[in-house]
1. Hey, can you grab everything whose amide H is under 5 Å from the amide H of Leu66? Only 5+ residues off in sequence or another chain; H modelled, so Pro and N-termini drop out.
2. Under 15 Å from the Cβ of Arg3, count the other residues' Cβ atoms, weight Lys and Arg +1, Asp and Glu -1, and hand me the total.
3. For region 6-67, report the translational diffusion coefficient in µm²/s to the nearest whole number, using Stokes-Einstein at 4 °C, 1.567 mPa s, and a Kirkwood Rh over Cα pairs.
4. Pick out, from Leu51, Ala6, Leu24, the residue whose Cα sits farthest towards the positive end of the charge dipole of the chain, with +1 on the Cβ of Lys and Arg and -1 on the Cβ of Asp and Glu.
5. Find, among the chymotrypsin sites (Phe, Trp or Tyr not before Pro) in the chain, those assigned to loop by DSSP (not H, G, I, E, B) with at most 16 other beta-carbon atoms within 10 angstrom.
6. How large is the accessible surface per residue of the chain, computed with a 1.4 Å probe and reported in Å² as a whole number?
7. How big is the charge dipole of the chain about its Cα centre, in debye rounded to the nearest 20, if each Lys and Arg gets +1 on its Cβ and each Asp and Glu gets -1 on its Cβ?
8. Could you order Val25, Val9 by accessible surface area, starting with the largest, using a probe radius of 1.4 Å?
Amino acid sequence: GLRIGASIVTRIETLARSEGLARLVLETGDRHPAAWKVYERAGFTRCGPVLDYPDSQWSVFYEKALS
């Protein structure tokens, strides 16, 4: 309830932008709906597996373009 997760995501985005990154991608577990809410509220959308992660029923992937 203190929005600590949102603050962490905002800080990561700020650092990524300062490094000139164009996109953030992440993987989380299939049993973490609270984390999904944090990412979705921050503008992340679900996507398929990223990098060399295999597709798994236990993984949920998100991405966000940085502008």
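The values are calculated or read from the model by the stated rules, or taken from the named source; none is laboratory data. In this text the structure is predicted, and so the values were computed from the model without any measurement. Note: ideal-geometry Cβ built from the backbone for every residue, glycine included; neighbour counts use all protein chains shown. Ligands, DNA and RNA are stripped out before the accessible areas are found, and what is left, the full protein with its side chains, is counted by its heavy atoms. Shrake-Rupley method; radii C 1.70, N 1.55, O 1.52, S 1.80 Å.
1. Amide H neighbours of Leu66: Arg23, Leu24.
2. Values: positive: Arg11, Lys37, Arg41; negative: Glu13, Glu40.
Summing Lys/Arg as +1 and Asp/Glu as -1 gives +1.
3. 107
4. Projecting each Cα onto the dipole axis, the largest value belongs to Ala6.
5. On the way: sites: Trp36, Tyr39, Phe44, Trp58, Phe61, Tyr62; in loops: Phe44, Trp58.
Passing sites in the chain are Trp58.
6. Averaged over the residues of the chain, the accessible area is 74 Å².
7. Numbers: 9 positive and 8 negative charges, 77 e Å.
Taking the Cα centre of the chain as origin, the dipole is about 360 debye.
8. Values: Val25 50, Val9 15 Å².
Result, largest first: Val25, Val9.
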